[in-house]
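Trainee: Before anything else, here's the structure in question.
The values are calculated or read from the model by the stated rules, or taken from the named source; none is laboratory data. Everything numeric in this text was worked out from a predicted model, so none of it was measured. Please note: Cβ atoms are built from the backbone with ideal geometry, for glycine as well, and neighbour counts cover all protein chains shown. For the accessible areas, the whole protein counts, side chains as well, though only heavy atoms, and no ligand, DNA or RNA atoms are used. Shrake-Rupley method; radii C 1.70, N 1.55, O 1.52, S 1.80 Å.
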Amino acid sequence: MDASRDVLPKDLFETPEDPTQHAWYSSFYLENHIDYISYPDIVATPEKVNFMVVVPGRERYYPCSDHMFSAIMARKRPAFLQRRYDEVLDKLVALIDLRIEDPWEKEYLESLIRTKFSHETADGAMIPSRLEKRLIKIFLDRTMIEDPYREEKAAMNRRADTALSSQEFLNALNQPDQTMVDCRGRTLEDVRNTANRIQLTRLLALLSERAIWEEDLSGRTTEYYSAIMAKPLSGAGAAQLIRLLTPERSALGAYVAQPLRIFWLVDEAGQAVIDLFIVRFLAGLGHKVILAFKDKPLFTKVCFPDAMEDPTLKRLLSEAHFIKEKEIAKNHLVDLLKRDMHIMALSDGTMEELNLLLVNATFARMFKEADIVVARGRASRRRFFDTHFNFTQDILSIAREDSGEVTVEFKPRDPSVIKFSVRELEQKARNIIAQMENAKKQGMTVVFYSGIVGSIPGKIEMAKKIMSIFVTHLRDQSASTFVINPSEHFEQGLDADDLMYMWEIVQRSGLIDIWRFQSYDDIVTAFGLMGKKVPPEWVGKDATYSTGCTKEMKIALSVQDTNPEMQIIGPPREKFIRRAEYGIGSLFDRRLGSECA
């Protein structure tokens, strides 16, 4: 592994105070095209990053190991960084030699790649994986070759599938373990769960044998496969993996199955077939597995088009549900996860090694909603383990070492992370609905108040104060009225996605008599009650400025269709048109982040 944070200066990871070093720090993000202010359409906002990564105080997340980041920040271009750059160049030159036959075209492309390589690495600020992405994109754009390794990947998948479909392999996989020979004093449930653990371990051990996807194994014996599957797993996470993915005996003596939502990050072709055998086994145990593929071709890594078009993968994934939307909303995602579908597949939105700053919204939301992330391959391991950053999920890394050893590492989610399950959010909604029902029984009018909470970045506390003061004013003004103030229900750990999901359940309950949207007059009244003038950032603002309120107006109109007696009060509904792009994990339109910075 790369050097860890323990041997690097603590302040190295923080935004530098020195202006010259701060400029280099900023240049690092700009040169790698991972600065969200400069590239808002492609780079994740801090809120979106926080769905996946816990970023301490004055730091910014970066998609590389601490060792790589420290080398770039030092501006000394150490040998290991140059070595990584050269490895990228060698891969591109080998690709050109493999795919381009015309001598002139080959010389031209190689010269072009070398020229671009020299330019991109001149100051040593480029992350090697970002360099790789840029160079391979040049190759693909210039040659118009859609996927230069399509045939090789298909062949590796086909060989692995043939091996794992052979009777010899099946015989070895199903051969009773010595620990299962004597079943006296054991229940069938004991035996079944022991068998599950053995089978999972055997399938994982297959990753040690490159011949499975690189050679034709016709004629290999049951003993050959048994020897492969007898190899032990190594690494501190091996026992944790078995414990998490197979049920354990409870204190009462019964096996308690804990079905998990497993977010499985797929890696290389050939190995992916073994992954799918493991995934189908886990699905059979009741787990839901969501597979994440690269969006576009990246050497021999499996990409989303492969999953849908490669004959082998297509057959193995015939019962999987493909999520093709790249900006899926939380409500839709939750609905999918509730369905009776045990295997799903999606794209991460990138064509490079794991880069959480560039993944699409669907990937980020799935990362947040999953129970555990399984990251395959050593490149993903570097991004999760060779870094001081912690994550919002437990991470299991499964990788094949050059020695053939299969190692498993485990990184628990950051202890500061507060997660609200869908069940907990639904219970919170039911509690509020119960209050509404009780108010209705007492003959009270139920009013729901929608207002600006986070639509002015950095002003959330003031927005909550404005809402609370005005709602108190409403309650004092009106008799027998139950007014719901959403700002009173904020809790640490609840993000905008959680809140919108919870409130929509409340809003569609059919118990709202009056749905009031915040007007500018409401804001003026609130500041007047505080004895203050309206600050410039609040002048002219109302619910139409809020992304959440815009979505809530659509819900209100939908509810009114089935409950025509419900009144909608506030700014004219036709003005609720400008906030259409809800920032993932944030309470404001993503366009407002830079406007209000």
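Trainee: With +1 on each Lys and Arg Cβ and -1 on each Asp and Glu Cβ, how big is the dipole of segment 251-407 about its Cα centre, in debye rounded to the nearest 20? Walk me through the numbers on the way to the answer.
Mentor: Working: 21 positive and 22 negative charges, 65 e Å.
About 320 debye.
Trainee: Still on this structure, I have one more. For the chain, find the longest principal axis of its Cα atoms and tell me its angle to the long axis of helix 460-477, 0 to 90°, nearest 10.
Mentor: Roughly 40 degrees, rounded to the nearest 10.
Trainee: Using the structure shown, select from 137/330; 338/551; 324/554; 368/428; 440/541; 231/419 the pairs with a Cα to Cα distance greater than 29 angstrom.
Mentor: Table pairs above 29 Å Cα-Cα are 137/330; 440/541; 231/419.
Trainee: Relative contact order for the chain using alpha-carbon pairs under 8 Å, separation at least 6, rounded to a whole percent?
Mentor: 13 percent
Trainee: Sticking with this structure for a sec: Taking the Cα centroid of segment 47-116 and of segment 14-36, what is the distance between the two, rounded to the nearest whole Å?
Mentor: If we compute the Cα centre of each part, the gap is 18 Å.
Trainee: When all alpha-carbon pairs of the chain are counted, what percent fall beyond 35 Å?
Mentor: 49 percent
Trainee: Using a 1.4 Å probe over the heavy atoms of the protein chains, calculate the carbon and sulfur portion of the accessible area of segment 474-556 as a whole percent.
Mentor: 49 percent
Trainee: Given the peptides 469-482, 57-70, arrange them by the average over their residues of other C-beta atoms within 10 Å, most packed first. Before the final figure, lay out the partial values.
Mentor: Numbers: 469-482: 14.8, 57-70: 19.1.
For the peptides 469-482, 57-70, the packing ranking is 57-70, 469-482.
Trainee: Could you report segment 203-360's accessible area per residue, 1.4 Å probe, as an integer in Å²?
Mentor: Accessible area per residue, segment 203-360: 39 Å².
Trainee: Let me ask something else. In segment 116-158, what is the volume of the convex hull around the alpha carbon atoms, normalised per residue and reported in Å³?
Mentor: So the per-residue hull volume is 76 Å³.
Trainee: Sticking with this one: Counting heavy atoms of the protein chains only and a 1.4 Å probe, report the per residue accessible area for segment 421-461 as a whole number of Å². All intermediate terms of the calculation are to be shown ahead of the outcome.
Mentor: Values: 2000 Å² over 41 residues.
So segment 421-461 comes to 49 Å² accessible per residue, rounded to a whole number.
Trainee: So what are the ³J(HN,Hα) numbers for segment 517-522, from phi and the Karplus equation (6.51, -1.76, 1.60; θ = phi - 60°), rounded to whole Hz, Gly and Pro as x?
Mentor: So the Karplus estimates, Gly and Pro as x, are 9, 4, 9, 5, 4, 4 Hz.
Trainee: To continue, here is another question. Report the charge-dipole magnitude of segment 30-114 in Debye, nearest 20, computed about the Cα centre from +1 at each Lys and Arg Cβ and -1 at each Asp and Glu Cβ.
Mentor: 560 debye
Trainee: Rounded to the nearest 500 deg cm²/dmol, what is the calculated helix-only ellipticity per residue at 222 nm for the chain, with -39500 (n - 2.57) per DSSP H run of length n ≥ 4?
Mentor: On the way: 25 runs with 280 residues, N = 597.
Rounded to the nearest 500, the figure is -14500 deg cm²/dmol.
Trainee: Per residue, how much accessible area does segment 8-146 have with a 1.4 Å probe, in Å²? All intermediate terms of the calculation are to be shown ahead of the outcome.
Mentor: Working: 6930 Å² over 139 residues.
Solvent-accessible surface per residue comes out at 50 Å².
Trainee: Further question on the same structure: Among 492-501, 400-409, what's the highest-first ranking by average C-beta atoms within 10 angstrom per residue?
Mentor: Going by the mean number of other Cβ atoms within 10 Å, highest first, we get 492-501, 400-409.
Trainee: Roughly what angle does helix 496-507 make with the longest principal axis of the chain, taking Cα atoms, 0 to 90 degrees, to the nearest 10?
Mentor: 50 degrees
Trainee: Helix 271-284: angle to the longest alpha-carbon principal axis of the chain, degrees 0 to 90, nearest 10?
Mentor: That helix lies at roughly 60 degrees to the long axis.
Trainee: While we're looking at this one, here's another question. Taking θ as phi - 60°, what are the ³J(HN,Hα) couplings along segment 199-210 by the Karplus curve (6.51, -1.76, 1.60), each to the nearest whole Hz, with x for Gly and Pro?
Mentor: 5, 4, 4, 5, 5, 5, 5, 4, 5, 6, 9, 4
Trainee: Using a 1.4 Å probe on the protein chains only, how many percent of the accessible area of segment 338-469 belongs to carbon and sulfur?
Mentor: 46 percent
Trainee: Any aspartates and glutamates with Cα under 13 Å of the residue 465 Cα? List them, leaving off those in the same chain fewer than 8 positions away.
Mentor: The reachable aspartates and glutamates, counting only those whose Cα sits under 13 Å from residue 465, are 488, 522.
Trainee: With all protein chains present, how much of the accessible area of segment 39-121 (probe radius 1.4 Å) comes from carbon and sulfur, to the nearest whole percent?
Mentor: 53 percent
Trainee: Calculate the all-directions average of the projected area of segment 58-117's alpha-carbon convex hull, and give it in nm².
Mentor: Answer in nm², one decimal: 5.4.
Trainee: At 1.002 mPa s and 20 °C, plugging the Kirkwood radius over alpha-carbon pairs of segment 121-220 into Stokes-Einstein gives what diffusion coefficient in µm²/s? Walk me through the numbers on the way to the answer.
Mentor: Details: Rh = 17.9 Å.
Answer from the Stokes-Einstein relation: 120 µm²/s.
Trainee: List every residue whose amide H lies under 5 Å from the amide H of residue 321, counting only residues 5 or more places away in sequence or on a different chain, with H placed 1.01 Å from N in the peptide plane.
Mentor: Amide H neighbours of residue 321, under 5 Å, 5+ apart: 343, 344, 345.
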